[in-house]
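Working notes, structure below.
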Amino acid sequence: MKHSTQTIEEHYTRAELGDLILAALRHAGKNLEALTPEDLAPIDEFHVRGREATVEMADMMGLGPATHVLDVGCGIGGPSRRLAFEYGCRVTGLDLTHEYCRVAAMLAERTGLSNQIVYRQGDALDMPFVDASFDVVWTQHASMNIADKTGLFSEVHRVLKPGGQLAIYDIVAGGGGELHYPVPWAREPSISFLMDAGDMREQLQNSGFDVLSWHDETARALDWFHRMMAQTKINGPPQLGLHVLVGPDVEAMIANVTKNLEQNRIALVQAVMEKAR
């Protein structure tokens, strides 16, 4: 059996992803020589509620030009570019998938943000950073692929400065039974590792974090999926969308996430924590 990190990277890797994204942007009438984060929003916010969720969480954090953010599981860099562009942050993105890091760096360059953002390929359980490097650790829809939550939270704690904050926006186990697959983070169960929200909160506190805010976002997530699916029925699939990242089974994935939410098989949590010790 392949090592799980290799299997996870294979799940997310899509050949020539950068070329596919640029072709989709060109087809949508975007100027490839003067892209903005707004141009990329439909394709690079690879999480529930997209850019809206990113901005909402960022507004809670008091971010600014003096803030150095680590985006764990940065994907192709949508949230990191949003934080750099809108809040002036310096951002380091970390992702397991080589292809995502290459595409993220290319898009940062094309949006004029490469002086504020760097991307590193690496494992969230063994981050290539010294202790107390970051003011904020930011993670959206990343822990679902990480079985060792204790190791993850320990590494996040290690790289945060004293008093630093952790922002989490993640899918968790809902208690309603086994998931319907495929879903965007896993086409089958072997790389899906969901933790119950209460257990996650307890684990974070045991890892040295205090809870500043903790919200169940499940109802809003489900409403967002219902609206997105209704819009797709009327207008057809968008020119720019997750199909470019995921491939042709994106509709099945979206239908399954919606079903999993409706049947309480998954839930969604938004939390801000502080490094307490």
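Every number in this text was worked out from the coordinates using simple rules, so none of it is lab data. Remember, it's a predicted structure, so these values are computed and weren't measured experimentally. Glycine gets a Cβ as well: all are built from the backbone with ideal geometry, and neighbour counts include every protein chain shown.
List of remarks:
- Distribution of pairwise C-alpha distances over the range 129-254, 5 Å bins, in %: 2, 9, 16, 20, 17, 14, 11, 8, 3, 1, 0
- Taking the three principal axes of the alpha carbon atoms in the range 99-201, the coordinate ranges are 46, 33, 19 Å, sorted in descending order.
- When peptides 212-220, 52-60, 132-140 are sorted by average Cβ neighbour count within 10 Å, with the highest value leading, the order is 132-140, 52-60, 212-220.
- Each peptide in 222-228, 37-43, 149-155 was scored by the mean count of other Cβ atoms within 10 Å over its residues; highest first, the order is 37-43, 149-155, 222-228.
- The value obtained for the chain, namely the Cα convex hull volume divided by the number of residues, is 117 Å³ per residue.
- The range 194-267 - Rg (one decimal) and Dmax (whole number), Cα, Å: 16.1, 48
- A cut-off under 13 angstrom between Cβ atoms defines the neighbours of residue 152, and their net charge, with Lys, Arg +1 and Asp, Glu -1, is -3.
- Residues residue 125 and residue 264, FRET efficiency given R0 of 25 Å [Cβ-Cβ distance, rounded to 0.05]: 0.30
- Take the Cα radius of gyration of the range 40-132 and divide it by 2.2 N^0.38 Å, N being the number of residues; the result is 1.00.
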